[in-house]
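A quick write-up on the structure given underneath.
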There are 2 protein chains.
Amino acid sequence: MLCTKLEFNRLRSCRRYIQIKGITRKYCAIAAIVEKSDVGSITEVKGWVRNLRVQKEFSFADISDGSSAQKLQIIIPKHLKTEQLTYGSSVKIKGKLSLSPRGQLEILANEVNVVGPCVVLDGYPFNPRTAHPPEYTRQYLHLRSRTNYISALLRIRSAVVKHIHDFFNSRNYINIHTPILTSNDCEGAGEVFKVQPDNEDTIKAMMQEGKDKDSLYFGLKTFLTVSGQLHLEAICRGMGNVYTLGPTFRAENSRSRLHLSEFYMLEAELAFCENIVQLQTVIEELLKYIFTETRNTNEKDIYLIDKENKKPIWLDKPFVTLTYDEAQLILNTKGSGTGGDFNKEQELILVDHCGGPVFVTKWPKDMKSFYMKESNNDSSKVDALDLLTPVTGEVVGGSLREDNYEKLKLKLPSERLHWYLELRKFGNIPTGGFGLGLERLLQVLCGVNNIKDTLPFPRWPHNCDM
Amino acid sequence: MLCTKLEFNRLRSCRRYIQIKGITRKYCAIAAIVEKSDVGSITEVKGWVRNLRVQKEFSFADISDGSSAQKLQIIIPKHLKTEQLTYGSSVKIKGKLSLSPRGQLEILANEVNVVGPCVVLDGYPFNPRTAHPPEYTRQYLHLRSRTNYISALLRIRSAVVKHIHDFFNSRNYINIHTPILTSNDCEGAGEVFKVQPDNEDTIKAMMQEGKDKDSLYFGLKTFLTVSGQLHLEAICRGMGNVYTLGPTFRAENSRSRLHLSEFYMLEAELAFCENIVQLQTVIEELLKYIFTETRNTNEKDIYLIDKENKKPIWLDKPFVTLTYDEAQLILNTKGSGTGGDFNKEQELILVDHCGGPVFVTKWPKDMKSFYMKESNNDSSKVDALDLLTPVTGEVVGGSLREDNYEKLKLKLPSERLHWYLELRKFGNIPTGGFGLGLERLLQVLCGVNNIKDTLPFPRWPHNCDM
């Protein structure tokens, strides 16, 4: 199966190769091969054939191994090409890493092994050189990471998560795993999933008088978290600045392009946070850091998703801040003011009006949650903020927290939150925090219309098949 | 409230200070202050009083802000000390960063503000200079991050998570968020939680004929994940090496020192993994990396938890490998062989016998899951491994996956896993992977007896109060 010297010379005669005498043989991720660019070395690549062009003397296969957006072109002499080497098949290839006349890395194969064949006619849903619509690939969740669009999005998601951790690590925030199972419904919106053991034997063994199935396991009715904020506040009062990045849940009956039943939220709580500007500063720096870093580390992935995606002009400008009242005035002049909370259309009008992300601050108290802090100079308002962005509208929500024991006691929605009140009793501090929807951020970053393509296995009503 | 020149001189006369003319005024995390050690600068610290010694002219307060194990000693002239400055109170302090005669960083305060007082007699459960037993602090989950023991463990947890991400990032693994909600029960052990919407209006609106409450929202009965492995395998066949670190759940009726209802699992899936040694190598490198890095970055936290904690001797040696049959022989010679799976006592006997972590490989097929690969030369065995360690016994489980379509088809436990079978149909590759229990790893690393202290809000039967 080795490439003969004759063939190598023939190939060399038609294309110019930069050759180095290195003969180290190694298997590496394509991401690493490209980074090192050790031209001349004998290299092993393992991946999938994403495109194949068969010509008279040679075949040209584009191999992807998922580690980066980059595909490696493999030049395969005629006698090494087998019938099983088709689009979609998995392969192990050895050969010399070379530079094409256009300066692209490629491999001149001298060994080709097809590991797993792929017969498209047997029901493989994808075709070469075809940009399948997201609605189509979404029907094949178990296979869709083999498409450019989804694999690029998942690499970007992985990179964004890394950048988030780097941002907070470099600022000495501690990463806290707030619980998924909880007996409090933080936002009080009632859109929670409840949780029970499934096994009848467990249920029988744990059943006690006076308990129903909802509460027999934990002793209390238990839900999936809608936010880690309250728990984060508890840790913040012992350990200072903290953050969490994990799954949260909503049992809404919504199938919109912006909603999921399971989604990831980044939440941070800032110790000794005395005004909303401190919070805005961290949020703005975080967003700009994520956008700048990811556009750098994943430039080719962003290009795979949308060739037109350009650096947003707002990345070099300060974000605009409007009070809620100012925002309503703007909407009124556009004939869209309605009072109350903003709908998606109104959010996007405000973003358009301001030419980029907008903080909306000083919200009417009765529109926001019990834990938000009353504004110092206007007790009808709370020191809350929403950050509105292009594509999705609201992507961050946050507030200063009510740190006055007596005021909070009056607003506490349930005796079960006594522990939360008690945080204010001993060595209390002012704090503020925010929650950022990871999937919506990815939509903004990549210009992705439907949130269901920003995570590997989206869950929404009637969709949890795997 | 400023410290007078007179007092400063008096203080200087009794203790020697290294002074530099820097007068930059800044607020920083203590972790950052210690790292920079900008002696002479005017520094602002915000944190909690963890210890207080009142003497005639000065008080000495140890301040912690949670960012590191290090406390900063603050020297407070008599006139700045207020009644509210007590153990447990939160403070903002400004002063000059100095070096004590013993070479420790400390601050000579010229401004002291008590932000939140702490009256221990009002019910604060902790006392200064007291190592409260973990069973005691566990009753105060919302306050216990204020103790040395728990804050050190949470900082170590945060660091271990960072090291895990760094390890896999540097090897080009993609971080994948596998779903929490799933309609398959991967291990088939039946110890799952089921999930339903809680809101009666949502239930009414979504109720369809022929559906019960368990399946009306997603169309299928839906559970909390027990493992992301099957989903990870799907992504691995499109994107190569992948990993996930997230919450998993077991509805067991167990209150042992090693079990939780909600715990974190690191899972990795290796593309083109053809033998179990490849898997063992990655696991061993990962564990040694985590131990070495964390002992470095969090030396003082480890000391706070256990002053006797020394670098394990096995860290510089290769891990031992035993086959299951060999392990049974050893147990027989110790009078402890029983056949079947190992119990905790047997696991720890094997670890003790080998003087460190032990891989147990080549397990009887009927003791392991359907997806594990039959050994090439013995069809009664599967290429599975457990890694046993001191303190906890099993901390990692893994295997090569059955990659033969026909063999897997015969073993598939449910028609609902057809998608999993189909992964082997198109461009299939051999893969192998493992799952590592994060909390158990923390137990081993820190010598923590009870798993409930390795995460901020442990959940176990009858315990989900917040």
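The values are calculated or read from the model by the stated rules, or taken from the named source; none is laboratory data. Given the structure is predicted, the values throughout are model-derived calculations rather than measurements. FYI the Cβ positions are ideal-geometry reconstructions off the backbone, even for glycines, and counts take in every protein chain you see.
Structural remarks
- Residue match in the range B:354-361 (condition: of a type outside the set (A, V, I, L, M), within 30 Å of A:GLU44 (Cβ to Cβ) and assigned by TED's automatic domain parsing to the domain that holds B:ILE150): yes
- Residues satisfying the stated conditions in the range A:49-74, i.e. in a loop (DSSP other than H, G, I, E, B) and within 14 Å of chain B (Cβ to nearest Cβ): A:ASP65, A:GLY66, A:SER67, A:SER68, A:ALA69, A:GLN70, A:LYS71
- Residues satisfying the stated conditions in the range B:354-367, i.e. in a strand (DSSP E or B) and not basic (Lys, Arg): B:VAL358, B:PHE359, B:VAL360, B:THR361, B:TRP363, B:PRO364
- Count - residues of the range B:26-53 that are in contact (Cβ under 8 Å) with a residue 12 or more places away in the chain and within 32 Å of the chain's Cα centre (by Cα): 18
- Restricting attention to the range B:202-245 and to residues that are at pLDDT 90 or above and of a type in the set (D, E, K, R), the residue that is farthest from A:ASN463 (Cα to Cα) turns out to be B:ARG237.
- Scope the range B:154-177; condition of a type in the set (D, E, K, R) and in a helix (DSSP H, G or I); matching residues: B:ARG155, B:ARG157, B:LYS162, B:ASP166
- Pairing residues of the range A:282-296 that are within 15 Å of A:VAL161 (Cα to Cα) with residues that are small (Gly, Ala, Ser) and assigned to a helix (DSSP H, G or I), at Cβ distances under 6 Å and at least 6 apart in sequence or on separate chains, gives A:THR294/A:ALA159.
- Considered as a group, the residues in the range A:75-93 that are in a strand (DSSP E or B) and closer than 20 Å to B:ARG237 by Cα include one that is farthest from the chain's Cα centre (by Cα), and that residue is A:ILE93.
- Subset of the range A:125-153 that is part of a helix (DSSP H, G or I) and away from chain B (no Cβ under 12 Å) - its residue that is nearest to B:ILE235 (Cα to Cα): A:ARG138
- Being β-branched (Val, Ile, Thr), more than 8 Å from chain A (Cβ to nearest Cβ) and under 27 Å from the mean Cα position of the chain (by Cα) is not true of B:THR182.
- Subset of the range B:191-209 that is of a type in the set (Val, Ile, Thr) and more than 36 Å from the chain's Cα centre (by Cα) - its residue that is surrounded by the most Cβ atoms within 10 Å (Cβ to Cβ): B:THR202
- Scanning the range A:161-177 for residues that are within 22 Å of B:LYS36 (Cβ to Cβ) and more than 7 Å from every other protein chain (Cβ to nearest Cβ) yields A:ASP166, A:PHE167, A:PHE168, A:SER170, A:ARG171, A:TYR173.
- Filter pass, A:ILE156 being within 8 Å of chain B (Cβ to nearest Cβ) and of a type outside the set (S, T, N, Q): no
- Test result for B:LEU412, at pLDDT below 95, assigned by TED's automatic domain parsing to the domain that holds B:THR182 and aliphatic (A, V, I, L, M): yes
- Applying the condition of being farther than 20 Å from B:THR225 by Cα and facing another protein chain (nearest Cβ under 8 Å) to the range A:210-230 and asking which residue is surrounded by the most Cβ atoms within 10 Å (Cβ to Cβ) yields A:LEU230.
- Inter-residue pairs, beta-carbon under 9 Å, first of a type in the set (A, V, I, L, M, F, W, C) and in the range B:111-123, second assigned to a helix (DSSP H, G or I), 6+ apart: B:VAL112/B:LEU80
- A search for C-beta distances below 8 Å between a residue of the range B:60-78 that is touching a residue at least 60 places away in the same chain (Cβ under 8 Å) and under 18 Å from B:SER98 (Cβ atoms) and any residue that is part of a strand (DSSP E or B) and of a type in the set (A, V, I, L, M, F, W, C), counting only pairs 6+ apart in sequence or on different chains, returns B:ILE75/B:PHE58; B:ILE75/B:PHE60; B:ILE75/B:ILE107; B:ILE75/B:LEU108; B:ILE75/B:ALA109; B:PRO77/B:PHE58; B:PRO77/B:ALA109.
- Test: residue in the range B:102-118 that is assigned to a helix (DSSP H, G or I) and surrounded by fewer than 17 Cβ atoms within 10 Å (Cβ to Cβ): no
- Any hit, the range A:329-342, residues being more than 24 Å from A:ARG401 (Cα to Cα) and crowded, with 17+ Cβ neighbours inside 10 Å: yes
- Of everything listed in (1) surrounded by fewer than 22 Cβ atoms within 10 Å (Cβ to Cβ); (2) more than 26 Å from A:TYR149 (Cα to Cα); (3) not aliphatic (A, V, I, L, M), the single unmet condition for A:PRO77 is (1).
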